[in-house]
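Take a look at the structure set out below.
The values are calculated or read from the model by the stated rules, or taken from the named source; none is laboratory data. Fair warning: this is a prediction, and the values are worked out from it, not measured in the lab. Glycine also receives a Cβ, built like all others from the backbone with ideal geometry; neighbour counts cover every protein chain displayed. These area figures cover heavy atoms from the full protein model, side chains too; ligands, DNA and RNA do not enter into them. Shrake-Rupley method; radii C 1.70, N 1.55, O 1.52, S 1.80 Å.
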Amino acid sequence: MDASALIILIYVLVLASYLGFELITKVPPTLHTPLMSGSNAISGITIVGALIATNELGYSTLSKWLGMLALVLATINVVGGYAVTDRMLKMFKKK
Amino acid sequence: MSNLVQIAYLISSILFILGIKFLGKTKDARKGNVLSAVGMLLAIVATLVNLNLATFPEMLACVLLGGVIGLYYARKVEMTKIPEMVALFNGFGGLASFAVALSDFFLKSQLIEGLDTVNLISIILSILIGGVTFTGSMVAFLKLDGKVSGQPITFKGQHLINLMLLIVFVVAAVLVFLNPGNPLFIAVLVVIALVLGILTVIPIGGADMPVVISLLNSYSGMAACATGFILNNNVLIVAGSLVGASGIILTQIMCKAMNRSLVNVLLGGFGQTVSGP
């Protein structure tokens, strides 16, 4: 990776981190667990990396197997994470 | 990468931001979760469009398997057991980032252009953070599930051992830089990262567990972010650092609600200091 590409990525990192810090201010205690669970589902974005890793062909079978392992795990995180968060939030509405 | 894919990633990023924002408000929380799920779907579709899809059958099999497992447990779990479930899912996310980093290491170490400095640093960080997230979350899961004692497990020199392991990790990381072709040093990094996750979570117990899960959630975001640097991918960096940063703030809010400082939680021993006679 050349320096200019890296600098752009660091820009993105710094601005998104700052936004993340500012985004959460006052959260009612009942929402602590759903917020944790919902952002946990977002961290499953690594599924994008897993897809790319699974698609690497012809160089190393080990790489592909690791990519597939990552893909199964990341999908569990994403699908399970969103589903369980929605279930929790649905409960709150009924009360 | 085509411009269309980049635009899709940008829209995904905006949906994640709105999703986290709404999840913190009682009225809009459910909408927030849906928005972020749509963002995730968009990021996945955009990624698939950009790949040559030679391994589409494998991908489909993995996604179906993971999707069925995730949906099954998300539906089946009792409401009181949800924190354990979040810990478990979170651990899987950490392990996924860890596996992507290793996959990329083994791939690029066989290519002629090889691994550059940015690749190596991000792979090492992803292994460390992803590994700690995985084993740490598993310990948190086992503790909450009652399979391991929920009480803090402390022993003498605990923090010293952690520090020494971290130093060995740094030394091994330098050796990886000097000999990127030697898998032995990467193996050392892998083992230390996994052990550190166990050792940092076992001294924590009792009512502190939700705080730790929140912190581990923040770590899994950072691991995804490191993976973004490996793959030069913006959406991974944005979503990962959003979760990493907002996770730390949420952890602090949770600590404050319990009148605990984050340092106290991390040093462990909740039951011993507070429970009393």
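Listing for the model above:
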quantity	calculated
Largest-first ordering by accessible area, 1.4 Å probe, given options A:Met68, A:Met91	A:Met91, A:Met68
Solvent-accessible area of B:Tyr72 with every protein chain in place, 1.4 Å probe, in Å² to the nearest 10	120
Per-residue SASA entry for B:Met59, accessible area with 1.4 Å probe, Å² rounded to 10	0
Cut-off 20 Å (backbone N to label point 7 Å along Cα→Cβ of B:Leu262), residues of the range B:5-30	B:20-21, B:24
The range B:1-76: C-alpha gyration tensor shape, a/c 1.5 cut-off, then a/b vs b/c	oblate
Span-rule helices in chain A, defined as complete DSSP H runs reaching 15 Å or more along the axis (Cα) with Kyte mean at least 0.5	A:3-23, A:61-75
Solvent-accessible surface (1.4 angstrom probe) belonging to A:Arg87, in square angstrom, nearest 10	60
Residue-averaged [θ]222 nm for chain B, counting only DSSP H segments that reach four residues, each worth -39500 (n - 2.57)	-27000 deg cm²/dmol
Positive minus negative residues near A:Thr54 (Lys, Arg vs Asp, Glu; Cβ under 14 Å)	-2
GNM top mover of B:Leu216, B:Leu163, B:Leu262 - chain B, alpha-carbon springs below 10 Å	B:Leu163
Sum of -39500 (n - 2.57) over DSSP H runs of 4+, divided by residues of chain A (222 nm, nearest 500)	-24500 deg cm²/dmol
Accessible heavy-atom area order of B:Glu113, B:Glu58, B:Glu78, highest first, probe of 1.4 Å	B:Glu113, B:Glu78, B:Glu58
Chain B: most fluctuating residue of B:Leu48, B:Leu196, B:Leu231 per GNM, C-alpha cutoff 10 Å	B:Leu48
Lysine pairs meeting the criterion (Cα under 30 Å, 8 or more apart or interchain), as found in chain A	4
Gaussian network model of chain B, Cα within-10 Å springs - most flexible of B:Gly228, B:Gly70, B:Gly39	B:Gly70
Listed residues B:His159, A:His32 arranged by accessible area, highest first, probe 1.4 Å	B:His159, A:His32
Cα gyration tensor, the protein assembly as shown - rounded (a/c under 1.5), prolate or oblate	oblate
Unit charges on C-beta of K, R, D, E only; dipole of the protein assembly as shown, Debye	1520
Interface residues, the range B:241-263 - accessible area loss of 10 Å² or more versus chain alone, probe 1.4 Å	B:Ser241, B:Leu242, B:Val243, B:Ala245, B:Ser246, B:Ile248, B:Ile249, B:Leu250, B:Ile253, B:Met254, B:Ala257
Whether chain B is rounded, prolate or oblate, judged on the alpha carbon gyration tensor where a/c under 1.5 counts as rounded	oblate
